[in-house]
1. Could you order peptides 284-292, 191-199 by the average number of other Cβ atoms within 10 Å of their residues, highest first?
2. Given a Förster radius of 22 Å and the C-beta distance between residue 254 and residue 28 as r, what FRET efficiency does 1/(1 + (r/R0)^6) yield to the nearest 0.05?
3. So how much slack lies between residue 7 and residue 94, counting 0.36 nm per residue of separation and subtracting their Cα-Cα distance, in nm?
4. Considering only DSSP beta bridges where both residues belong to the chain, give the percentage that are antiparallel (nearest 5).
5. How big is the antiparallel share of DSSP beta bridges in segment 169-312, given as a percent to the nearest 5?
6. Calculate the translational D of the chain in whole µm² s⁻¹ from Stokes-Einstein, where the hydrodynamic radius comes from the Kirkwood formula applied to all Cα pairs, the temperature is 25 °C and the viscosity 0.890 mPa s.
7. Residue 84 to residue 225: extension gain in nm, 0.36 nm per residue of separation minus the Cα-Cα distance?
8. Kindly list the residues of segment 170-210 that lie in the label zone of residue 277, defined by a backbone N under 17 Å from the point 7 Å along the Cα-to-C-beta vector.
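Each value in this text was obtained by applying a stated rule to the coordinates, not by laboratory testing. None of these values were measured; they are calculated from a predicted model. All Cβ positions, glycine included, derive from the backbone under ideal geometry; neighbour counts span all protein chains shown.
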Ligand SMILES: NC(=O)c1ccc[n+]([C@@H]2O[C@H](COP(=O)([O-])OP(=O)(O)OC[C@H]3O[C@@H](n4cnc5c(N)ncnc54)[C@H](OP(=O)(O)O)[C@@H]3O)[C@@H](O)[C@H]2O)c1
């Protein structure tokens, strides 16, 4: 037994279980004012949105009047989702088949959207997976890295470069995870190609930390163009992803895991309220800007936002 590791895990769950589940959401939401959602006239792109948190964000954005491009891998699951939305009286959802594990497919999506000539107002970089098993993509990257981080980088930079993200007040929401709180930024540990060195939960944490840093880099870089960036985490929700990747966690916490609405709430609220942000690196959770570092140890790193972006640029080339 690794007691030091066990102590860390116990401290993490002790600190966050009530907060990240439906219990925390219910308690906090008692004090919230109603913020009307009116997204009429807006075009959105939500990634990883045929099910789970992304599907709820897409559905609610469309319900509030947005035209939403819903991107995921499987055409069949996208169609099933869009049909079920129609059954609820929600239209305005358009499928975009894309495998975000492949740079080439993500770049193809950028070109497809650019060739339409219509601007996007809101991009939600939601797609994300926690893989237990190691696998490499046809392009040679570890799969969860390619989906969780590289695709977000390629998509966001591509849409900006091709002038697609150019509505009157463009907005990007990056979906991270509380798992990122556990590790510092490490560019060397993002794309773990050697199966012997791979641990899916640890890799996921490094991707999610890098997303927080990348968000801050993008905030600073694109401020002058008027593009707003927010990074948020949804708490712990009962989704297919959790069922597949964390069956024991789900079994223990199932009765208090968040539903889609509570997990999607902060994304929809950010898009409606567009709150001002403090300058420092941070994470939005349950409608509040919170620290990006709950443990002092994660501030210590030799890497910088610049070295992260250089590494991603090299891998995306
Ligand atoms: N659920 C939680 O408790 C929790 C907690 C913290 C953070 N998060 C984050 O929230 C986000 C959504 O999580 P979730 O639990 O809703 O996920 P999920 O249930 O696994 O849903 C994933 C969605 O992504 C799509 N997808 C998976 N791989 C893809 C690929 N290679 N290319 C394109 N689409 C792909 C899936 O559709 P197809 O398979 O049909 O493509 C599905 O629509 C993730 O970034 C996750 O890290 C979730």
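1. 284-292, 191-199
2. 0.55
3. Length gained between residue 7 and residue 94: 26.7 nm.
4. Once the DSSP bridges in the chain are tallied, antiparallel ones form about 15 percent.
5. Of the beta bridges lying entirely in segment 169-312, close to 35 percent run antiparallel.
6. The Stokes-Einstein estimate is 124 µm²/s.
7. 47.0 nm
8. Counting backbone N atoms under 17 Å from the label point, the list is 170-178, 180-181, 208-210.
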